[in-house]
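K.L.:
Once you've had a glance at the structure underneath, I'll fire off some questions.
The values are calculated or read from the model by the stated rules, or taken from the named source; none is laboratory data. It should be emphasised that the depicted structure is a prediction, and the values quoted were computed from it without experimental measurement. Virtual Cβ from ideal backbone geometry, glycine too; neighbours counted across all protein chains shown. Ligands, DNA and RNA are excluded from the accessible area calculation, which covers all protein heavy atoms including side chains. Shrake-Rupley method; radii C 1.70, N 1.55, O 1.52, S 1.80 Å.
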Amino acid sequence: MKSEHKPGSKALVQALVTANEPIRPRFWKLLLKLDPEGSRLFSKALPGQFAQFDLSHLSLPPAEAIEETLRDRAERTILLRRPFSFSDIFTSYSEQGTYVCLEVIYCVLGPATVRMTSLKPGDCISLIGPLGNGFWYPETMKNALLVTGGMGAPPILHLASFLRKSYPHTAVTAFAGARSIDYMPFELKIGNITGATVEEFERLNIPVHLATDDGSVGRKGFVTELLKEWIEKQKPNPEQTVIYACGPEPMLAACAEIAFRTRILCQVSMERMMACGIGLCQSCAVRIRTDKPESPIYQLCCKDGPVFDSRTVIFGEGQ
């Protein structure tokens, strides 16, 4: 049975930038303060949901501030809104009142995200949300295993803080992977007596296991190998354990395979190109199993997901 947490309504809202700073060479953290209507709606948003940002009006930063490999791509015109999940949603209080803030971690890799680096406190952007369906929480859950790869980190970080607040008696363990240390979108602490740690998880008192393809931080190899070894060693009760995963599709497929073999429920947050984010353009189809293997169906990542039960997803088409 799913928890009582349900997504609410969505709307077009205005967001005021309060901070926008780099956290690693290609990763930035954006803080947004929502207007009253946005605060009302996003106070009920769930980890895994997202919003569509209008970034078409933003100017490019000075050429010298753009990585050389991105300069040509950065000149492209932005026609459509861009989807972003949240690494946290929290309520803030001031003399002017109570409002909700969104924390967004983004990777600078194209014309929209290059322009986002020019945002400064006081700027305003338009967004539509909260959109999609987030993670859910079985009433029997006592262990949550959070798995993230590369830019899958934001919704998993949001989920981590949400579980700490709403499910304090659930044991949470995190597994974070990336190609190399440069692709870890976290505030890493390197070189102390315990090795590398992720401050975002450390602040929540959540143990985290790290892996990179090149071994530049954590274990050399795939993060799913760490997950598999942890399950084999700890032997959690399958009926009381949930795997939550967000990252590249091959990683999600590997998590689904581990979950299938260990009989653990696994929820995967899928990624597709989303033009509208509300189910109109049909551009974000995900192939889904049915009771008839020869007759799969398509569901929309933006409207039916982005979070799916891994047992239903036919992996491979988004890789």
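K.L.:
Using the C-alpha gyration tensor of segment 252-319, what are the square roots of 5 times its eigenvalues, in whole angstrom, with the largest one first?
P.N.:
On the way: eigenvalues 94, 37, 18 Å².
Semi-axis lengths for segment 252-319 are 22, 14, 9 Å.
K.L.:
Which Cα, out of Leu131, Pro22, Cys101, lies furthest along the positive dipole direction of the chain (beta carbon charges, K/R +1, D/E -1)?
P.N.:
Highest projection toward the positive end goes to Leu131.
K.L.:
Follow-up question, since we're still on this one. To two decimal places, what compactness ratio does the chain give when its Cα radius of gyration is scaled by 2.2 N^0.38 Å? Intermediate results must be reported in sequence, preceding the final value.
P.N.:
Numbers: Rg = 19.2 Å, N = 319, 2.2 N^0.38 = 19.7 Å.
Against the compact-globule rule of thumb, the ratio is 0.98.
K.L.:
Size of the dipole of segment 82-200 about the Cα centre, Lys and Arg at +1 and Asp and Glu at -1 on the beta carbon, nothing else charged, in debye to 20? Walk me through the numbers before you get to the answer.
P.N.:
Values: 8 positive and 9 negative charges, 45 e Å.
Using Cβ point charges on Lys, Arg, Asp and Glu, segment 82-200 gives about 220 debye.
K.L.:
What are the semi-axes of the equivalent ellipsoid for segment 202-319, taken as the square roots of 5 times the Cα gyration tensor eigenvalues, largest first, in whole Å? Present the calculation step by step, with values, prior to reporting the outcome.
P.N.:
Numbers: eigenvalues 154, 64, 36 Å².
Values for segment 202-319, descending: 28, 18, 13 Å.
K.L.:
Show which lysines lie in cross-link reach of Lys120 when reach means a straight Cα distance below 18 angstrom and same-chain residues fewer than eight apart are skipped.
P.N.:
Lys29, Lys33
K.L.:
Then there is this: Can you spot the lysines whose alpha carbon is less than 26 Å from Lys292's alpha carbon? Ignore those fewer than 8 places along the same chain.
P.N.:
Filter leaves Lys2, Lys303.
K.L.:
For the chain, what is the mean residue ellipticity at 222 nm derived from helices alone (per DSSP H run of n ≥ 4: -39500 (n - 2.57); sum divided by total residues; nearest 500 deg cm²/dmol)? Don't skip to the end; give the middle numbers.
P.N.:
Working: 7 runs with 61 residues, N = 319.
Calculated from helices alone, the mean residue ellipticity at 222 nm is -5500 deg cm²/dmol.
K.L.:
Also: List the cysteines in the chain whose Cβ has no other cysteine Cβ under 4.7 Å from it.
P.N.:
Cysteines lacking a close Cβ partner in the chain: Cys101, Cys107, Cys124, Cys246, Cys255, Cys266, Cys302.
K.L.:
Now a separate question. What is the diffusion coefficient of segment 94-239 in µm²/s, taking the Kirkwood radius over Cα pairs and the Stokes-Einstein relation at 4 °C with a viscosity of 1.567 mPa s?
P.N.:
Values: Rh = 17.4 Å.
Rounded to a whole number, D works out at 74 µm²/s.
K.L.:
Once phi is turned into ³J(HN,Hα) by the Karplus curve 6.51 cos²θ - 1.76 cosθ + 1.60 with θ = phi - 60°, what whole-Hz value does each residue of segment 131-141 show in order, with x for glycine and proline?
P.N.:
10, x, 10, x, 5, 10, 9, x, 5, 8, 5
K.L.:
A further question on this structure: Could you tell me what percent of the accessible area of segment 110-172 is made up of carbon and sulfur, with a 1.4 Å probe and every protein chain present?
P.N.:
Values: 1110 of 1920 Å².
That share works out to 57 percent.
K.L.:
I've got another one for you. What is the angle, in °, between the Cα long axis of helix 223-234 and the longest principal axis of the Cα atoms in the chain? Nearest 10 is fine, range 0 to 90.
P.N.:
40 degrees
K.L.:
Same structure, new question: Two decimals is fine: what is log10 I(q)/I(0) at q = 0.11, 0.14, 0.20 Å⁻¹ for segment 1-112, from a Debye sum with one equal scatterer on every Cα and no solvent?
P.N.:
Debye curve over Cα of segment 1-112, log10 I(q)/I(0) at q = 0.11, 0.14, 0.20 Å⁻¹: -0.43, -0.67, -1.16.
K.L.:
Next question. Return one quarter of the surface area of the convex hull spanned by the alpha-carbon atoms of segment 138-188, equal to its mean projected area, in nm². Show your work: numbers first, answer last.
P.N.:
Details: hull surface 14.9 nm².
Hull-based average projected area comes out at 3.7 nm².
K.L.:
Report, by chain and number, residues whose modeled amide H sits under 5 Å from the one on Gly247, excluding near sequence neighbours (fewer than 5 apart, same chain).
P.N.:
Residues meeting the criterion, in which the H sits 1.01 Å from N, are Gly149, Ser269.
K.L.:
Each residue of segment 287-300 in order: what ³J(HN,Hα) in whole Hz does its phi give by Karplus 6.51 cos²θ - 1.76 cosθ + 1.60, θ = phi - 60°, with x for Gly and Pro?
P.N.:
So the Karplus estimates, Gly and Pro as x, are 6, 10, 6, 10, 5, 9, x, 7, 10, x, 10, 10, 10, 9 Hz.
K.L.:
So what is the accessible area of segment 133-173 per residue, in Å², with the probe set to 1.4 Å? The partial results should precede the final answer.
P.N.:
Numbers: 1320 Å² over 41 residues.
About 32 Å² of surface per residue is accessible.
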